[in-house]
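First up is the structure itself, then whatever we jot down about it.
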Amino acid sequence: ALSHTQSSMVMLRISRALTGRALAALPRCPPQLLRAQRQPTRHFRTSAAPLAGQGTHIHRDSVVNSEETPWEWSAESLAKIDMYLKRYPDTAQGKMSGIMPLLWVAQQQTDVAHATLKAIPAYEGALSMDEPQGSGGWVPLSAMNAIAKRLGCPRMAVYEVATFFTMYNRNKQGRFHIQLCATTPCMVCGAYDILAAIEKHLGIKCGETTPDAAFTLTEVECLGACVNAPMVQINDHFYEDLTPQSIVKLLDDLKAGNPVKIGPQNARINSLGPLGRTSLTGTPSGPYCRDLSDPPPAPAA
């Protein structure tokens, strides 16, 4: 009598033999037909780092990014850090909640291009971003170590967060960080035509920076301006309704320091369609959830 293990091995061999015979009996597809049906693969081109092996989560020392890279918090950053840390319990675990905002503070500090931009709001009353929001900066390894020291947590705790979220740029960017959206609405509206125009004009591919350190190009997922596709985010601002011609002009104006218009780069107003505003054309009739006429009372001291 066979043991349970021996019986299992016999059944496995029988199964493999029957499977092999069944596959051999199937009609074979001609090699030329297989080649004709094979489609070219488009690799996701967010960063050139995967080409070096082991993915984007691996840190690689460079001349400008290592443990020895100098890092000092600015006075403005220190004030922001104090503000953020007041929101969390003064415990070891509570302080670790500050990892994400402190990483963003570091990225805001390194955004040196924001102050030089001559950005024209899309319409009167639009939000004015007087301070950099961080999308044009980056977080060097030495800044991550400074965050760990400030919070009293292991360095690895900071590294884990910085490598997980793609909003943290862990390599030095050009003065203008071009984030091109290639998700479905932008893609069907010509995002890859815009990408091709950028690559040809700047002479770089996704994940690369121009030799003069003016531009870095990144392909990203949805940026939330689908109705005005195709679009790019450059540092903190959206530029929408692009064509291959208008993106080239935009890049030239940014590099030359000329004024640039935020938002649609055609005649569109905000995100209105060709018929203009078709809803919410007046003040809502109510009832309201609260009185909107007076400001809320000041909190008690």
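The values are calculated or read from the model by the stated rules, or taken from the named source; none is laboratory data. Since this is a predicted model, take the numbers as computed values, not measurements. Neighbour counts run over all protein chains shown; Cβ positions are idealised from the backbone, glycine included. Remember, those area values only see protein heavy atoms, side chains included, never the ligands or the DNA or RNA. Shrake-Rupley method; radii C 1.70, N 1.55, O 1.52, S 1.80 Å.
Quick notes
- The lysines whose alpha-carbon is closer than 20 Å to the alpha-carbon of residue 249, local same-chain residues fewer than 8 away aside, are 118, 200, 205, 261.
- Among the protein heavy atoms of the stretch 70-140, carbon and sulfur supply 56% of the accessible surface, probe 1.4 Å, non-protein parts ignored.
- Here's the picture: charge each Lys and Arg Cβ at +1 and each Asp and Glu Cβ at -1 in the stretch 134-219, and of 143, 167, 192 the one pushed furthest to the positive end of that dipole is 143.
- Solvent-accessible area of residue 189 with every protein chain in place, 1.4 Å probe, in Å² to the nearest 10: 80 Å²
- The DSSP beta bridges internal to the stretch 161-301 are antiparallel in roughly 50% of cases.
- Counting only protein chain heavy atoms and rolling a 1.4 Å probe, the accessible areas of 165, 215 rank, largest first, as 165, 215.
- Accessible area of the stretch 170-277 belonging to carbon and sulfur atoms, whole % at 1.4 Å probe: 56 percent
- In this structure the amide hydrogen of residue 263, modeled in the peptide plane, comes within under 5 Å of the amide hydrogens of 238, 239, 240, none closer than 5 places in sequence on its chain.
- Among 58-70, 250-262, the order from most to least packed when residues are scored by Cβ within 10 Å on average: 250-262, 58-70
- Protein heavy-atom accessible surface, 1.4 Å probe, per residue over the stretch 179-275: 45 Å².
- The tail of the calculated P(r) for the stretch 136-260, taken as Cα-Cα distances beyond 21 Å, holds 44 percent of the pairs.
- Note on residue 14: accessible area approximately 80 square angstrom, rounded to 10, probe 1.4 Å, nucleic acids and ligands left out.
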